[in-house]
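I have placed the structure first, in the form of structure tokens, so that the comments after it can refer back to it.
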Amino acid sequence: MKAMILAAGRGERMRPLTDSVPKPLLKVAGCTLIEYHIKALYRAGIRDIVINHAWLGDKIERHLGDGRQFGVNIAYSAEQTALETAGGIRHALPLLGKEPFLVINGDIWTDFPLIQLLTTAKKQLETSIWAHLLLVSNPMHHPEGDFCLREEEPLVYEKDIYPDSPCFTFSGIGVYHPKIFYFLDEGRQALAPVLTALIREQHISAEVYRGDWFDIGTPQRLKEINIYLAKKPA
């Protein structure tokens, strides 16, 4: 299976840190965010990685090269301006191929073992499921969550369908069948409307991870995760 790391965002909320450094190259515990992802993908058995970029993308390419230092092969999907998640995936389809692929946001940090997601996703995508997502407990800055799951059922539902069911936050990690994106027009497109349409057709499943996960969206959150990891036992 191939993987895609989303690294094209400008990181407006991270300014001034991202004025001269692309957000995926910011460091957590001495390692850049994007290197954490590459190493996690390698541990999961993934060797072919696509990285999209726009803002300061040349710095990402110079830092990572072709990936051989990490034991992987990296291909780059350059965007003139950031195309958002669905648009970026659509643009990168020629590099991703015709089989399901994993996508991970470049601005998160987690210790979740990706091999677990790949194993479950493979089984789900052999049915009527088109995408399998990783959900996490709702962080303080997003207490209402994104999607809900019913007890002992892997299908994802919109929050207002079953209001008594627990809601969780989308982690930014998922496995997708490329047919989701084939018929999208080229250009800037968000992922949320695409997922909502598929959820209504019961084509999306998910699993929940309750371990460490951080959305590194602001300088304060970057500071907080570095403090957290410095205190965490090895």
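No lab work stands behind these numbers, since they all come straight from the coordinates. Note that the structure is a prediction, hence the values are computed from the model and not measured. Here the Cβ positions follow ideal geometry from the backbone for every residue, glycine too, while neighbour counts run over all protein chains shown.
Summary table below
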| read-out | value |
| --- | --- |
| Checklist (1) farther than 29 Å from Leu25 by Cβ; (2) hydrophobic (A, V, I, L, M, F, W, C); (3) in contact (Cβ under 8 Å) with a residue 60 or more places away in the chain; (4) outside any loop (DSSP other than H, G, I, E, B) applied to Ile129, failing item | (4) |
| Leu41 vs. criteria buried (at least 18 other Cβ atoms within 10 Å of the Cβ), hydrophobic (A, V, I, L, M, F, W, C) and in contact with a strand residue (DSSP E or B) (Cβ under 6 Å, 6 or more places away or on another chain) | yes |
| In the stretch 198-211, the residues that are surrounded by 12 or more Cβ atoms within 10 Å (Cβ to Cβ) and part of a loop (DSSP other than H, G, I, E, B) | Gln202, His203 |
| Candidates Leu184, Leu195, filtered to the one that is in contact (Cβ under 8 Å) with a residue 40 or more places away in the chain and in a helix (DSSP H, G or I) | Leu195 |
| Test result for Ile104, of a type outside the set (D, E, K, R), buried (at least 22 other Cβ atoms within 10 Å of the Cβ) and in a helix (DSSP H, G or I) | no |
| Residue in the stretch 94-101 that is basic (Lys, Arg), touching a residue at least 12 places away in the same chain (Cβ under 8 Å), surrounded by fewer than 19 Cβ atoms within 10 Å (Cβ to Cβ) and over 20 Å from Val175 (Cβ atoms) present | no |
| Tally of residues being more than 26 Å from Phe214 (Cα to Cα), of a type in the set (Lys, Arg) and part of a loop (DSSP other than H, G, I, E, B) across the stretch 157-181 | 0 |
